[in-house]
């Protein structure tokens with residue numbers, strides 16, 4: 001079974017997204033911060049990261065940078081606000097993020113983007 | 001326990017009249033549904049004009065079934081939106097609610113047009129993703145404002161017709177309330193916009209007068225700020241409580257008080273030596289010339305008093321009408337003090353600027369003679385506080 005790591009500092013988002021993908025037969029783990037995500041990745045080796053850009057502590061861009069330093073091939077999809085800051089957007093592209101999903105998002109789109117990378 | 005739906009509806013309608021903020025209202029409704037109807041969760045997607053999409057604004061229920069507010073959206077091409085928004089589907093639906101089980105059966109039983117089949121299947125898929133079993137649309141006129149999404153009932157049962165009717169009635173009340181709140185907000189913005197346009201036009205006009213009179217550059221904007229500061233001081237002292245309208249009128253009067261100078265030859269306005277009788281007579285016409293220019297605009301009636309009487313003196317020796325004391329409208333008395341103060345502290349064709357301290361002495365001396373004492377003392381206090 002594919003393993004998805006959801007990184008978001010909002011508990012409601014983590015809970016909902018985790019349930020959403022578990023129902024689609026995906027093994028889901030969650031992290032509430034970038035720091036926690038980095039720890040989890042070392043131990044649990046997820047196949048895909050769903051990473052929120054705007055977080056307290058180290059943000060999504062910085063998390064992406066550190067994660068990619070350790071494992072260049074780890075797949076990461078960024079979750080951004082409706083109007084992400086151009087800088088952050090550009091940074092993620094350079095750091096090798098696969099895709100972006102804008103909040104508020106269509107659940108369809110969320111499903112497709114994630115399933116495509118995990119199949 | 002059975003719910004008295006009629007009463008709940010009446011209660012809801014009453015609350016809606018009291019609440020003007022759509023957000024608060026929607027939260028209230030969803031909370032009420034989750035509590036009274038005992039559904040696992042409930043949410044509302046609402047059309048947001050600026051984003052041109054429907055966003056899940058409120059969602060309540062236990063963690064995990066609740067979708068975080070602002071997380072999910074439905075675009076105009078989402079089947080669950082299309083089925084409620086597009087007339088060709090609305091007609092076929094024939095009922096205001098879309099119920100998951102019934103729709104599934106309907107799709108199994110009948111021969112259905114392919115496009116309808118597609119859209120219904122798409123809508124059912126959306127319902128699965130949002131974990132809703134009943135969707136109720138909210139319309140205002142022909143526009144879909146939002147959709148109420150209901151989860152399964154806690155006891156696992158189906159909604160009966162009475163419950164569905166209740167939701168439909170509730171959704172239509174919600175639509176009306178949301179629409180009212182939005183219209184109210186739009187109206188406020190519109191009024192604000194018109195008002196800004198008006199003030200900006202006035203400022204432009206004032207700048208035109210300023211440009212004509214070389215020595216009074218920026219005089220008008222300084223007089224206006226000073227007049228507003230005096231009004232502020234008067235209300236701080238609790239001697240006067242001004243309505244917002246008065247302050248606006250004062251601002252306009254400040255900007256336009258010399259508009260009548262448009263009709264006076266520049267040779268007279270900028271003359272270096274003293275004026276002869278004829279020239280003095282012409283200058284003294286400017287308040288009435290100003291009134292002539294502005295009187296066609298009824299909204300300016302009160303400001304017009306400031307334009308007309310800003311050269312009246314408290315002791316009755318001013319012009320154009322020789323009004324005395326309390327006969328002089330306060331708006332004019334304020335402009336008069338601000339105008340004189342600013343004229344004295346700046347260079348004029350016939351003399352150099354005077355030091356502020358000296359001007360304040362003069363204002364104090366003229367209090368009760370040229371100036372309304374209350375207004376003069378407000379100006380003196382502003383000077384003492386180093387605010388001017």
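A short reminder: the numbers here are calculations on the coordinates, not readings from a lab. Quantities reported herein were computed from a predicted structural model and do not represent experimental measurements. Don't worry about glycine lacking a Cβ; one is built from the backbone with ideal geometry, like all the others, and counts go over all protein chains shown.
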Item to complete: Return one number: the angle in degrees, 0 to 90 and rounded to the nearest 10, between the long axis of the Cα atoms of helix B:330-344 and the longest principal axis of the Cα atoms of chain B.
Response: 60 degrees
Worksheet item: Of all DSSP beta bridges located in the protein assembly as shown, what percent are antiparallel, nearest 5?
Response: 55 percent
Fill in: Per-residue Cβ neighbour rank within 10 angstrom, fewest leading, B:41, A:102
A:102, B:41
Worksheet item: Fewest first, what order do A:63, A:30, B:296, B:134 take by the number of other Cβ atoms within 10 Å?
Response: B:296, A:30, B:134, A:63
Worksheet item: Which value, in Å³ per residue, describes the convex hull spanned by the Cα atoms of the protein assembly as shown?
Response: 247 Å³
Discussion item. Two decimals, Cα atoms only, Kirkwood Rh: what is Rg/Rh over region B:230-388?
Written reply: 0.96
Worksheet entry | Counting all C-alpha pairs of region B:84-151, share separated by more than 19 Å (%) | 29 percent
Worksheet entry | 10 Å Cβ neighbours from other chains, averaged over peptide A:103-112 | 6
Discussion item. If you average the C-alpha positions of region A:4-50 and of region B:55-130 separately, how far apart do those two centres end up, in angstrom?
Written reply: 28 Å
Worksheet entry | Rg [Å, one decimal], Dmax [Å, integer] - region A:17-119, C-alpha atoms | 12.9, 35
Discussion item. Can you tell me the orientation of helix B:161-212 relative to chain B, as the angle in degrees between its alpha-carbon axis and the longest Cα principal axis, to the nearest 10?
Written reply: 20 degrees
Discussion item. Just to confirm the number: angle between the C-alpha axis of helix B:100-109 and the first principal axis of chain B, 0 to 90 degrees, nearest 10?
Written reply: 50 degrees
Worksheet, complete the sentence: Neighbour-count ranking for A:101, A:77 (other C-beta within 10 angstrom, fewest to most) reads A:101, A:77
Fill in: Förster-model FRET efficiency, 25 Å R0, residue B:125 and residue B:158, C-beta, rounded to 0.05
0.75
Practice prompt. Please give the average number of partner chain Cβ atoms lying within 10 Å of the Cβ of each residue in A:8-16, rounded to a whole number.
Written response: 4
Worksheet entry | FRET efficiency, residue A:116 to residue B:31 (Cβ-Cβ, R0 30 Å, nearest 0.05) | 0.20
